[in-house]
């Protein structure tokens, strides 16, 4: 009798265990960058239980992610996905710009670097900012205008155009130099411009003594430009050393040695008053380049340097959904960056914009769509409306511009 009871108990226990395993769901599914919320987490999940997933720090999901335990296992009831949390657009800095150096879009973890426009310099300690949960790190960097050094004090040279109260001399400011004393002439350019890099476009001139011949030849000598002797590595393709040129005539320079490059202006012009338009060039190894220029809506690949050798290239890439036009590279060519490229803008069409025209996307159910340059989007009228106007329902994006059809 006792043995029969034991066997009956074991049979009943086995039935209970089988029943529980049939009603329970296995381990919850794996969801990238998410875990089951503490509120809905259980040791064993039975039929009818619902679990919610919460995203990792820096990620967000819409709609929510939910699974329900059914007799057939886990059933997805709300199809969400954890994506990196978007950031508010970073603030611009006056007289500068920023580029993404880590990441591709403005989302959690993205890092940007600020640069100053030509004629300005960075005065802030930190030039990078990173998107965190609810803000960007660091303050917006500050770009201050570059300024040129004032000319040295020289009692013999008269300078006009200096700012009042010893204020800074900013780019594009002009100074005029002259010699007022008799028997003196101005050796150098009479007008200097402060460059965008904070350097003067010519050396400061000086006042020199006139020779007896120059004093006796009168106004004609003063109006002509003298061609001085040249260094051994530089040669003229027009005129000879010792010649005098009239206003408007030009000198053209080349280098004698193969492999040398003209450093400076290869052509200078005789200006009024017997002065040259630019300093005479020199010959030597090709000049390097400074930081490559900024291109709108593009980033440079790799780490930027402050100096590049002749022949070095820098590769550009357009930001997400922008299309590159032209060569993706710029090359340092004897002090200048060569190569043409630009980034063509995408078109953005959203629900709010389409509602003004009583249209919707014909294919797909998105509320917002980005269309790259040259792509097409096909629209349809919303319920109860018909097409009006001459625009067809299939439209093309051209560098950020797309005409939308209208329905009434």
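The values are calculated or read from the model by the stated rules, or taken from the named source; none is laboratory data. Bear in mind the structure is a predicted one, so any value in this text is a computation, not a measurement. Because the Cβ atoms are built from the backbone with ideal geometry, glycine has one as well, and the counts that use them run over all protein chains shown.
Of all residues being closer than 14 Å to residue 362 by Cα and not in a loop (DSSP other than H, G, I, E, B) in segment 384-405, which is farthest from the chain's Cα centre (by Cα)? Just the residue, please. Looking at the filtered set, the residue picked out is 387.
Residues that are surrounded by fewer than 16 Cβ atoms within 10 Å (Cβ to Cβ) and within 25 Å of residue 193 (Cβ to Cβ) were ranked within segment 292-311; the one that is modelled with the lowest pLDDT is 306. Selection of segment 293-311 for residues being within 20 Å of residue 96 (Cβ to Cβ) and not in a loop (DSSP other than H, G, I, E, B) yields 298, 299, 300. So for segment 276-286 (the condition being free of Cβ contacts under 8 Å to residues at least 60 places away in the same chain, loosely packed, with under 15 Cβ neighbours inside 10 Å and in a loop (DSSP other than H, G, I, E, B)), does at least one residue qualify? Yes - at least one qualifying residue is present in segment 276-286. The criterion of at least 3 residues that are modelled with pLDDT under 75 and either out of contact with any helix residue (DSSP H, G or I) (no Cβ under 9 Å at 6 or more places or on another chain) or over 23 Å from residue 160 (Cα atoms) (or both) is met by none of the strands (runs of 3 or more DSSP E) wholly inside segment 175-235.
Scanning segment 312-363 for residues that are at pLDDT below 90 and part of a loop (DSSP other than H, G, I, E, B) yields 319, 320, 321, 334, 335, 362, 363.
Answer yes or no as to whether residue 173 is touching a strand residue (DSSP E or B) at 6+ places or on another chain (Cβ under 9 Å), free of Cβ contacts under 8 Å to residues at least 40 places away in the same chain and either exposed (fewer than 13 other Cβ atoms within 10 Å of the Cβ) or under 20 Å from residue 290 (Cα atoms) (or both). Against the criterion (touching a strand residue (DSSP E or B) at 6+ places or on another chain (Cβ under 9 Å), free of Cβ contacts under 8 Å to residues at least 40 places away in the same chain and either exposed (fewer than 13 other Cβ atoms within 10 Å of the Cβ) or under 20 Å from residue 290 (Cα atoms) (or both)), residue 173 does not qualify. Among the residues making up segment 98-128, those that are surrounded by 18 or more Cβ atoms within 10 Å (Cβ to Cβ), more than 13 Å from the chain's Cα centre (by Cα) and closer than 17 Å to residue 320 by Cα are 108, 110. Each residue in segment 392-402 was checked for being surrounded by fewer than 16 Cβ atoms within 10 Å (Cβ to Cβ) and closer than 17 Å to residue 355 by Cβ, and 1 of them qualify.
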